[in-house]
Amino acid sequence: MKFTVLTLFPEIPKAFFETSIMAKAVEKGIIAYDLVNIRDFAFDRHKTCDDATYGGGAGQLLLPEPLGRALDSVEAYKKHVIYVTPSGKPFTQQKAQSLSKKDEIVLICGRYEGI
């Protein structure tokens, strides 16, 4: 199984894959991973990937353009894509078993209010 992680902070998931049981799974070839920095797909020289929420409110929004370009770069349309967010559905054992049958999963790390 391969995980492709799209994130603005690649050092966070990198630590996850390089420690504990996940590191053992990587060493044994059970799983593989790629980290994709969404900032690499920003349009401007400042690598802007976020903006204020429309209409006010707390938090920032992830800009859709850099995210879309990052998704295209990993051919996400051929893979199972999950947007990880605190407001999403809980991750259950049943969901884990279902996902374990996938060859490749693309994770979009959601540290923002939305997209």
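The values are calculated or read from the model by the stated rules, or taken from the named source; none is laboratory data. Just so it is clear, the model here is predicted, and its values are computed rather than measured. All Cβ positions, glycine included, derive from the backbone under ideal geometry; neighbour counts span all protein chains shown.
Has segment 74-87 got at least one residue that is under 28 Å from THR53 (Cβ atoms) and more than 14 Å from the chain's Cα centre (by Cα)? Looking through segment 74-87, at least one residue is under 28 Å from THR53 (Cβ atoms) and more than 14 Å from the chain's Cα centre (by Cα). Residues in segment 26-50 that are modelled with pLDDT under 95 and over 18 Å from the mean Cα position of the chain (by Cα) were compared, and the one that is surrounded by the fewest Cβ atoms within 10 Å (Cβ to Cβ) is ARG45.
Of the listed requirements (1) of a type outside the set (Gly, Ala, Ser); (2) over 18 Å from ASP103 (Cα atoms); (3) at pLDDT below 95; (4) surrounded by 11 or more Cβ atoms within 10 Å (Cβ to Cβ), ARG69 misses just one: (3).
Within segment 16-25, being surrounded by fewer than 15 Cβ atoms within 10 Å (Cβ to Cβ) and aliphatic (A, V, I, L, M) holds for ILE21, ALA23.
Among the numbered conditions (1) surrounded by 13 or more Cβ atoms within 10 Å (Cβ to Cβ); (2) touching a residue at least 40 places away in the same chain (Cβ under 8 Å), the only one that SER100 does not meet is (1).
Within segment 19-46, the set of residues being out of contact with any Ser or Thr (no Cβ under 8 Å at 6 or more places or on another chain) and under 23 Å from VAL74 (Cβ atoms) comprises MET22, ALA23, ALA25, VAL26, GLY29, ILE30, ILE31, ALA32, ARG39, ASP40, PHE43, ASP44. So VAL106 passes all but one of these: (1) over 16 Å from VAL5 (Cα atoms); (2) aliphatic (A, V, I, L, M); (3) out of contact with any Phe, Trp or Tyr (no Cβ under 7 Å at 6 or more places or on another chain). Which condition number does it fail? The failed condition is (1).
Of the residues examined, PRO86 is not one that is at pLDDT 90 or above and farther than 16 Å from PHE3 by Cα.
So, in segment 97-115, how many residues would count as being over 17 Å from PRO64 (Cβ atoms) and either assigned to a loop (DSSP other than H, G, I, E, B) or modelled with pLDDT under 95 (or both)? So the answer is 4.
The criterion of being β-branched (Val, Ile, Thr), modelled with pLDDT under 95, within 21 Å of GLY114 (Cα to Cα) and surrounded by fewer than 16 Cβ atoms within 10 Å (Cβ to Cβ) holds for THR53.
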